[in-house]
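Enquirer: Before anything else, here's the structure in question.
The values are calculated or read from the model by the stated rules, or taken from the named source; none is laboratory data. Source: prediction; values computed, not measured. Heads up, the Cβs are rebuilt from the backbone with ideal geometry, glycines too, and the neighbour counts pull from every protein chain shown. When the accessible area is computed, the model is the full protein with side chains, heavy atoms only, and any ligands, DNA or RNA have been set aside. Shrake-Rupley method; radii C 1.70, N 1.55, O 1.52, S 1.80 Å.
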Amino acid sequence: MSARFLLCACSLFHLSQAWADNTGTAGAGATVPAAPPLPSSGGSVLTMLLGLIAVLALMAGIAWLFKRFGLAQNLAGNAAARVIGGVSVGTRERVMVIEVGDQWIVVGVAPGRVNALATMPRQEHVAAQPAKANGPAFSSWLKQTMDKRNNGPASGGRTGNDGSTT
């Protein structure tokens, strides 16, 4: 019974609102001013995205300049330890030379571990071999590997990886 009463009361309220709207405009002869249109959010979202892209591009440009002119290395120039060099000895293992004061420390670096392997007095930097010296060695190694895979340069028969002839 109370649900029916509530339903009837709501429908009467809406009917009275509609009647008041119709009589109010018809009796006065004037039109009700329309509500001002809401501002479009499409333009503000576009402006925000363009501003975000501009800030990110500016940050990337500054990072590139730091890297290009070596400014990041100059900022860390007064650090207590400096990495001289390193070589990878496994998939996740490296041997590195670190300079601390007038001493070089050779360390082994693995996931979760750093072990001191040796110490030595500071030495002058040895110039690295030029990259051109590695060029012919790689090309000759590649040629040898391809020849082995193809059973020699003259034979036309190529075997599969498992030793089969198919």
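Enquirer: Testing ALA80 on (1) modelled with pLDDT of 85 or more; (2) under 30 Å from ALA116 (Cβ atoms); (3) under 33 Å from the mean Cα position of the chain (by Cα), one condition comes back false. Which one is that?
Expert: (1)
Enquirer: Which of the residues that make up segment 114-138 are modelled with pLDDT of 70 or more, assigned to a helix (DSSP H, G or I) and within 29 Å of GLU93 (Cβ to Cβ)? Break it down stepwise before answering.
Expert: Narrowing segment 114-138 to residues modelled with pLDDT of 70 or more: 114-124, 136-138.
With the extra rule that they be assigned to a helix (DSSP H, G or I), the set shrinks to 136-138.
Once the filter is applied, which keeps residues that are modelled with pLDDT of 70 or more, assigned to a helix (DSSP H, G or I) and within 29 Å of GLU93 (Cβ to Cβ), segment 114-138 yields ALA137, PHE138.
Enquirer: In segment 107-121, what count of residues is obtained for those that are open to solvent by 90 Å² or more (accessible area, probe 1.4 Å) and in contact with a Phe, Trp or Tyr (Cβ under 6 Å, 6 or more places away or on another chain)?
Expert: Of the residues in that region, 0 qualify.
Enquirer: So which residues in segment 46-77 are in a helix (DSSP H, G or I) and either at pLDDT below 85 or touching a Phe, Trp or Tyr at 6+ places or on another chain (Cβ under 7 Å) (or both), if there are any at all? Steps first, answer last, please.
Expert: Here is the first cut: in segment 46-77, the ones in a helix (DSSP H, G or I) are 46-69, 71-75.
Within segment 46-77, LYS67, ARG68, PHE69, LEU71, ALA72, GLN73, ASN74, LEU75 meet the criteria.
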